[in-house]
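These notes are about the structure you will find just below.
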Amino acid sequence: MSSAPYPRRSWLLYGAVTLVFAAGVWYFGIRTEPTVPGAGRMSFRPRSGSTATPVRVEPVQRRDLAVHLRAIGTVTPRNTVTVRSRVEGQLLKVHFEEGQQVAAGQLLAEIDPLPYEIRLAQTEARLRQNRAQLLTAKADLERVRLLHAQTLMSQQQLEAAQALVADREGAVAADQASVDDARRQLAYTRIEAPLAGRLGLRQVDAGNLIRPGDAGGIVVITQTRPINVLFTVPEQDLPKVLEPLRAGQGLPVEAWDRAERQRLAAGLLNTVDNQIDLATGTVRLKAEFPNEDEKLFPNQFVNVRLCVRTLKDSVVVPVAAVQYGSRGTYVYLITEDSLAAVRDVVLGPAEEGMQAVLQGLSGSERVVLEGIDRLREGRPVTIVAADGTVTPPPAGKGEKGGKGWGAGKGGKGEKADPGAKGGKGGKSDAAPQKAA
């Protein structure tokens, strides 16, 4: 008995199962449903739902837009002074605390004044001695003049008396200068702050012998109120700075922290350097800040924003709404019919996430901020608010350029969900019809 028919039956069974499986995949997964919208024209649509694209929009604004130049700056004290002694001696007392804010003329330290008091007393005594001798010489000169008038004294004796008076006058003047110098040296034993500012760390302790040539001095004073910030701008931006300065306008300057999250201080541009750095092609600028709260610290790095002009009543949109392509710069607008429309724009400066638009927008439009990658002109949209609220497109509106379910007036629009009200030229069925 032969068993040859059994393998042939197995192959036939396998083939039938494979055909059934392929037919099921085609019918349920690949096949598209035909529909006859009308006028003998047949179109096909996927089995998916509505074609409206969810987007987030932002209204176009009209407001003043400040234009800034940005740079990295260094905080520098307006003045820095190393306090040193002008005379030599033992440091007797220290009258300040490290980090203290001091006023100009405030006593900081004292040097032992005794040696300078003794010197002053010596010079004053010598001055009194020479003054007494001057008085005697002047009296002798008067007597010689009387006797010379009576021809009892010679001309030579008169001239000698006059020379003695002049000599005594010179000695008195020299002694007076010595007294003044001794008083000055004595005054220098009291070390006072030459300017108002904040003190640094103390460099020497009381009891040490100090001299005028000590490199470290006693303490360093930095003037922090007001304080300056040095920064640079490229030479191509220099005209933007010089034009308002020459017109007498004060340019506002803001100092921000490194992350540009917090504004530290606001001030005004003080001066512009008189030459451009050939190595970097930049020019140095200096701004001054009141710094009453002392948020700016010497040698601190800050981000600088220099306001060079303000665009009045300008049309602005979020930077994220601006698109770049082969056609140039453009934005997507949302029409009153909740359809996407492309609008070419001419851009101006951008500031803090907002882009100025010089041409193309009037200020009453709505621009698409998110969902742009799925848009094309004429496509219906669903507006999603920031809180998640959804605003669907008006009923009967579809994408221009194609007829199908959910078409608007005249049958224009992209295919919508089954059951939506159709436009002219076709009826919308609840169930798909077979293609003609």
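Readers should treat all values here as calculations from the given coordinates under stated rules, not as data from a laboratory. In this text, all values refer to a predicted model and were calculated from it rather than measured experimentally. Here the Cβ is made from the backbone with ideal geometry for all residues, glycine too, and neighbour counts use every protein chain on show.
Which shape class applies to region 213-291: rounded if a/c is under 1.5, otherwise prolate when a/b exceeds b/c and oblate if not, where a ≥ b ≥ c are the square roots of the Cα gyration tensor eigenvalues?
Here region 213-291 falls in the prolate category.
Only four residue types carry charge here, +1 at the Cβ of Lys and Arg and -1 at the Cβ of Asp and Glu. Report the dipole size of region 95-197 about the Cα centre in Debye, rounded to the nearest 20. Walk me through the numbers before you get to the answer.
Details: 11 positive and 15 negative charges, 125 e Å.
That gives region 95-197 a dipole magnitude of about 600 debye.
What number comes out for the charge environment of Q185, summing +1 per Lys or Arg and -1 per Asp or Glu over other residues with Cβ under 9 Å away?
With Lys, Arg at +1 and Asp, Glu at -1, the neighbours total +3.
Could you tally the net charge around G267, taking each other residue with its Cβ under 14 Å from the Cβ of G267, Lys/Arg +1 and Asp/Glu -1?
Details: positive: R78, R225, R263, K286, K295, R305; negative: E254, E288, E292, D293, E294.
Cβ neighbours under 14 Å give a net charge of +1.
What are the ³J(HN,Hα) couplings of region 336-349, residue after residue, when phi is run through the Karplus curve with 6.51, -1.76, 1.60 and θ = phi - 60°? Round to Hz, x for glycine and proline.
Taking θ as phi minus 60°, the curve returns 5, 8, 6, 10, 7, 9, 9, 10, 6, 9, 10, 8, x, x Hz for region 336-349.
Taking only the alpha-carbon atoms of region 269-374, what semi-axes of the equivalent ellipsoid follow from 5 times the gyration tensor eigenvalues under a square root, in whole Å, largest first?
Listed largest to smallest, the semi-axes of region 269-374 are 40, 17, 14 Å.
Just subtract the alpha-carbon distance of A163 and F21 from 0.36 nm times their residue separation and send over the number in nm, one decimal.
Residue separation times 0.36 nm, minus the Cα-Cα distance, leaves 37.0 nm.
Over the Cα atoms of region 180-320, what is the Rg over Rh ratio if Rh follows Kirkwood?
1.14
Taking the Cβ of R202 as the center, what net charge do the other residues with Cβ under 11 Å away carry, scoring Lys and Arg +1 and Asp and Glu -1?
Cβ neighbours under 11 Å give a net charge of -3.
Could you sort 283-293, 268-278 so that the peptide with the highest average Cβ count within 10 Å comes first and the rest follow in order? Walk me through the numbers on the way to the answer.
Values: 283-293: 17.9, 268-278: 12.7.
Highest to lowest by the protection proxy: 283-293, 268-278.
Let me know the Rg and Dmax you get for region 266-317 when you use only its Cα atoms, in Å.
Spelled out, the Cα radius of gyration and Dmax of region 266-317 are 15.1, 40 Å.
Looking at region 310-383, which GluC sites (Glu not before Pro) are DSSP coil and have at most 15 other C-beta atoms within 10 Å of their C-beta?
E336, E352, E377
Give a residue-ordered list of calculated ³J(HN,Hα) values for region 193-205 (Karplus: 6.51 cos²θ - 1.76 cosθ + 1.60, θ = phi - 60°; whole Hz; x for Gly, Pro).
Per-residue couplings from phi come out as 6, x, 7, 7, x, 9, 7, x, 7, 6, 9, 8, 9 Hz.
For region 53-184, rounded, prolate or oblate, judged on the Cα gyration tensor with a ≥ b ≥ c (square roots of eigenvalues), a/c < 1.5 rounded, else prolate if a/b > b/c?
Cα axes put region 53-184 in the prolate bin.
Mind checking which of V144, A103, L195 is farthest towards the positive end of region 87-206's charge dipole, using Cβ charges of +1 (Lys, Arg) and -1 (Asp, Glu) about the Cα centre?
V144
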